[in-house]
Amino acid sequence: MTFREDGQAALEWAARYLERVGELPVLARVHPGELRSRLPPSPPERGEPFADVLRDLDEVLLPAVTHWQSPRFFAYFANSAPEPGILAELLAATLNSVAFLWRTSPAATELEALTLDWTAQLLGLPEGWHGHIEDSASVSTIAALAAAREATGGRVVVCSGEAHSSVERAARLLGLETRKTPVDEEFRLDARALDLTDAAAVVATVGTTSTTAVDPVPAIADACAQAGVWLHVDAAYAGSAWVCPELRWSQAGVDRADSVVVNAHKWLFTPMDCSLLWSRKPEAFRAAFSVVPEYLRTGDEAESLSDYGPALGRRFRSLKLWAVLRCYGREGLQARIREHIRLAELFEGWIRDEPGWEVSAPRLFSAVCFRSDASDEENEALLERVNASGELFISHTRVNGRYVLRLAIGNERTTEDDVRRAWEAIKRASR
Ligand SMILES: Cc1ncc(COP(=O)(O)O)c(C=O)c1O
């Protein structure tokens, strides 16, 4: 078989998969270890045909896949890998760029800077910020807090009790202490309770992981400015909503941040992984990360994006973002975000109208926290039954100490019919 024939078979597999993914059980129906037990424990001595790899993908691996591409994947923050992004990943792998210096990949370096500028324009972020791509928001936050430590000399990272666990992990890694500030009744950081003693940074969240709450960034920015503390905004999920002007209320104060992270792989229709990190203080990132040994020295008058984060070798991630931005345009992105919000609103309305059910937190974007008015144990058992049905996959969190179910819309293939099917399946499982 040639590359072309294998490639056609792989592309055919991908197209067929996307056509039928809505019919597959969303949550993988396997036990831990089951997949490994079906695969040889040692690698082959002799090379095998690629067709065998495709066959095993179908027959052995697929039952162990949880289908993030399913239109009824509603867990965590559901996302999408759209077709232009999938194809761009193939092309990026074909080029196999390793963009640690400008000269090792001028295209990857300059397209990354350009796509970050484009995305900043689409999201209404300030002009002139420096942007680059990390693999995940976790690493973006590590990079931002390393820059903050460099810039301020502080020893403490301040965030709310609702901030993502990646903040505490980043602080731990950087030898910083985490100080959690209480939240108000809508799960927003209570700015009056901020204690910035010895602080290097405050991490404010726009769109918290549990309830999508939006911290009061303007008040936090005031406090940071007064104390000389770095403000990092974690908008990993909700930042994509800023492509719609009517959702930019949630951007208030973000123009005063020192750094902002938005995951294009969460709600900006870009395949995993693509985390966008902007900063007004690129020099602090260079101070934290730039080490130039002799073998990396060049006379090029161009920046290397490896000076802004932990990784030296960097993937050509901007190619998929560029492909998505070009193929969808501002209008396409807005239409998808608006549809997800419409569907979440609809679902929220059904919960409110159904006796014996409650919406457990304000719904601001495309995720709904809800529960039946039974016990925590019964809600937990309900979640297990719903997910075991294979019809949909939802996740959970705790709100005010209570176990709540969480349905997040983020897949571009999700239709009103999928959301209706999900609600019917949830009600059925609760009876
Ligand atoms: C608000 C927030 N920040 C950060 C993260 C971490 O993202 P990543 O998986 O890209 O590290 C998440 C993940 O869901 C999140 O919800």
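For the stretch 50-101, the set of residues classified as in contact with a strand residue (DSSP E or B) (Cβ under 9 Å, 6 or more places away or on another chain), open to solvent by 20 Å² or more (accessible area, probe 1.4 Å) and either among the polar types (S, T, N, Q) or farther than 25 Å from Glu391 by Cα (or both) consists of Thr66, Asn79, listed by residue number. Pairs meeting the criteria (first residue in the stretch 47-74 and in contact (Cβ under 8 Å) with a residue 24 or more places away in the chain, second residue hydroxyl-bearing (Ser, Thr, Tyr) and assigned to a loop (DSSP other than H, G, I, E, B), beta carbons under 6 Å, at least 6 apart or on different chains) are Pro71/Thr414.
Yes or no: the stretch 147-160 includes at least one residue that is within 16 Å of the ligand (Cβ to nearest atom), outside any helix (DSSP H, G or I), small (Gly, Ala, Ser) and open to solvent by less than 10 Å² (accessible area, probe 1.4 Å). Scanning the stretch 147-160, I find at least one residue that is within 16 Å of the ligand (Cβ to nearest atom), outside any helix (DSSP H, G or I), small (Gly, Ala, Ser) and open to solvent by less than 10 Å² (accessible area, probe 1.4 Å), so the answer is yes. Looking at Arg398, Arg402, Arg385, Arg431, just one residue is modelled with pLDDT under 95 and on the phi < 0 side of the Ramachandran plot, and that residue is Arg431.
Among the residues of the stretch 161-179, those identified as near the ligand (Cβ under 10 Å from one of its atoms) and either surrounded by fewer than 24 Cβ atoms within 10 Å (Cβ to Cβ) or free of Cβ contacts under 8 Å to residues at least 24 places away in the same chain (or both) are Glu162, His164, Ser165, Ser166, Arg169. Out of all the residues in the stretch 370-377, is one or more among the basic types (Lys, Arg) and loosely packed, with under 15 Cβ neighbours inside 10 Å? There is no residue in the stretch 370-377 that is among the basic types (Lys, Arg) and loosely packed, with under 15 Cβ neighbours inside 10 Å. Applying the condition of being within 14 Å of the ligand (Cβ to nearest atom) and small (Gly, Ala, Ser) to the stretch 235-263 and asking which residue is surrounded by the fewest Cβ atoms within 10 Å (Cβ to Cβ) yields Ser250. The set of residues in the stretch 397-422 that are open to solvent by 10 Å² or more (accessible area, probe 1.4 Å) and part of a helix (DSSP H, G or I) comprises Glu416, Asp417, Asp418, Arg420, Arg421.
Yes/no matrix, rows are residues, columns are (1) of a type outside the set (Phe, Trp, Tyr); (2) touching a residue at least 60 places away in the same chain (Cβ under 8 Å); (3) within 15 Å of Ser210 (Cα to Cα):
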residue: Glu378; (1), (2), (3): yes, no, no
residue: Ala381; (1), (2), (3): yes, no, no
residue: Asn387; (1), (2), (3): yes, yes, no
residue: Ser395; (1), (2), (3): yes, yes, yes
residue: Arg398; (1), (2), (3): yes, yes, yes
residue: Val404; (1), (2), (3): yes, no, yes
residue: Ala408; (1), (2), (3): yes, yes, yes
residue: Asn411; (1), (2), (3): yes, yes, no
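The set of residues in the stretch 321-361 being free of Cβ contacts under 8 Å to residues at least 60 places away in the same chain, open to solvent by 70 Å² or more (accessible area, probe 1.4 Å) and either of a type in the set (Asp, Glu) or over 19 Å from Glu416 (Cβ atoms) (or both) consists of Glu331, Glu345, Asp353, Pro355, Glu358.
The values are calculated or read from the model by the stated rules, or taken from the named source; none is laboratory data. Source: prediction; values computed, not measured. Backbone-built Cβ (ideal geometry, glycine too); neighbour counts: all protein chains shown. We work out accessible area using only protein heavy atoms, side chains counted, and drop any ligands, DNA or RNA first. Shrake-Rupley method; radii C 1.70, N 1.55, O 1.52, S 1.80 Å.
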